[in-house]
Amino acid sequence: MIYLDNAASTQIHEDVINSMLPFFKEQYGNPSSIHRYGRQSRKAIEKARKQIAQLINAEPSEILITSGGTESNTTVLHGLTSKSSKGKIITSSIEHDAILEPCKKLEKYGVVVEYLPVNDSGIVEPSSLEQKISDDTTLVSIMFANNEIGTIQPISEFAKISHSHQVPFHTDAVQAIGKVPIDVKAMNVDFLSISSHKLNGPKGVGALYIRKGLEIDPVILGGGQEHGLRSGTENVASIVGFGKACEIAKTNLDSNMSKMLSLRDDLIQKVTDEIPEVTVNGDLKSRLPNNAHFTFLGVNGEDLIIKLDEHGIAASTGSACSVNTQKASHVLQAMGFSHEQITGSLRLTIGIFNSQDDIDRTVISLKQIVKELRDVSPFKDKYSF
């Protein structure tokens, strides 16, 4: 198999697996216990917290360990709105459902949510935030990079605008972590969500950066773990694996970025040169180095994925987290795409374990599959396939 769905999840690094194994077999103590087994687990968690913090240039005390990006996002949204007498959240129209769904719930409770538009490249214009932000704004939350089209937003500008109005700023950086440099101090963000399984770590663990001095209400109550912000016995093995994945990602960031960018650009070049009636979606410069998102006119994206799978290639049309909802991409809708353009979309996302041979074989298969599907397409007479 050729795996080109790394935006959905990534292969766990072998060194990450090896770091986790002792915490299943030998060092299995509860981190809250004061005996040796418990102290070993506590020490391992704090080491991982430091590794996570170093990847984004934060302090270990600013890292709240969670079950993943979804919980991190929910913690910010609910944790801040419950503390504030203000009642407005500003976000973008192309956020992941992990932001949009909690916002919908908060709207039912009377919180006002403003959804900023994007241009046809999938970028939120900073001027649109300036127009919407006001004294009653509780939080601004705009994703670092989009999970479907890979566009990177001007995060530092959004943070600057938010702070000029004394409003905290949050970014969902789940897709960006481990693929591009992230420096919370340089960007001056207040909250930042990340997830382990997007950077070759285990699933079910993530983190929320909370800038020192800021307070939010806990969403999960109980025994007071994670400084009272997230109760529940810690998943030590996964936290250790997450920390190791962050350490590896930091060490290899430049070389991984260069490799993914080279493969991604080669993929885009060959697909656009060798297949007619295809467009690349999203901004080509302000973009994650591993993301290639195409529209093949006259082709159904789901048919394309099934055929690619038969050829041993794993791909997707968009977010794996919303695949069961059977709804059209809200990201492409927000960018002004027609129904035909949306249904013909394909996302190919490269990982650190992909090779040039993977790209070459994928292009060969893609050319054959697109031709086969277009030969039976009801749109075949509309375009010069």
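Any read-out appearing in this document is the output of simple, stated calculations on the displayed coordinates, not a laboratory observation. No experiment lies behind these values; they were computed from the predicted model shown. Every residue, glycine among them, receives a Cβ derived from its backbone with ideal geometry; neighbour counts consider all protein chains shown.
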Discussion item. Suppose each label sits 7 Å from its Cα in the direction of the beta carbon; what would the ASP357-ASP266 distance come out to in nanometres?
Written reply: 1.3 nm
Item to complete: Place a +1 charge on the Cβ of each Lys and Arg in the chain and a -1 charge on the Cβ of each Asp and Glu, then give the dipole magnitude about the Cα centre in debye, rounded to the nearest 20.
Response: 1140 debye
Worksheet, complete the sentence: Loop-resident trypsin sites (Lys or Arg not before Pro) in region 211-313 with no more than 12 other Cβ atoms inside 10 Å, DSSP not H/G/I/E/B, are LYS212, LYS285
Worksheet item: Quick one: Cα centre-to-centre distance for region 273-306 and region 1-15, in angstrom?
Response: 20 Å
Fill in: Relative contact order for region 253-292, counting Cα pairs under 8 Å that sit 6 or more residues apart, in percent
54 percent
Worksheet item: Given the pairs LYS212/LYS327; LYS185/LYS285; LYS250/LYS367, which are separated by over 32 angstrom at their Cα positions?
Response: LYS212/LYS327; LYS250/LYS367
Practice prompt. Determine the calculated [θ] at 222 nm for the chain from helices alone, applying -39500 (n - 2.57) to every DSSP H run no shorter than 4 residues and normalising by the residue count; nearest 500 deg cm²/dmol.
Written response: -12000 deg cm²/dmol
Item to complete: Tell me the GluC sites (Glu not before Pro) within region 1-94 that lie in a loop according to DSSP and have at most 16 other beta-carbon atoms within 10 Å.
Response: GLU26
Worksheet item: Which lysines have a Cα lying under 16 Å from the Cα of LYS104, excluding residues fewer than 8 positions away in the same chain?
Response: LYS88
Response to the item:
Farthest towards the positive end of the dipole of the chain, among VAL184, SER128, THR233 and with Cβ unit charges of +1 on Lys and Arg and -1 on Asp and Glu, lies the Cα of THR233
Item to complete: Go through LYS179/LYS244; LYS179/LYS270; LYS108/LYS179; LYS198/LYS244 and tell me which ones have a Cα-Cα distance over 25 Å in this structure.
Response: LYS108/LYS179
Worksheet item: Quick one: of the DSSP bridges fully inside the chain, what percent are antiparallel, nearest 5?
Response: 55 percent
Worksheet item: Could you give the dipole magnitude of region 184-279 about its Cα centre, charging the beta-carbon of Lys and Arg +1 and that of Asp and Glu -1, in debye to the nearest 20?
Response: 360 debye
Worksheet item: Are there GluC sites (Glu not before Pro) in region 146-237 that DSSP marks as loop and that have at most 10 other Cβ atoms within 10 Å, and which are they?
Response: GLU215
Worksheet, complete the sentence: Within the set LYS104, LYS203, LYS160, GNM on the chain using Cα springs under 10 Å gives the largest fluctuation to LYS104
Fill in: Mean separation of Cα contacts under 8 Å, 6 or more apart, over the residue count of region 14-251: relative contact order %
28 percent
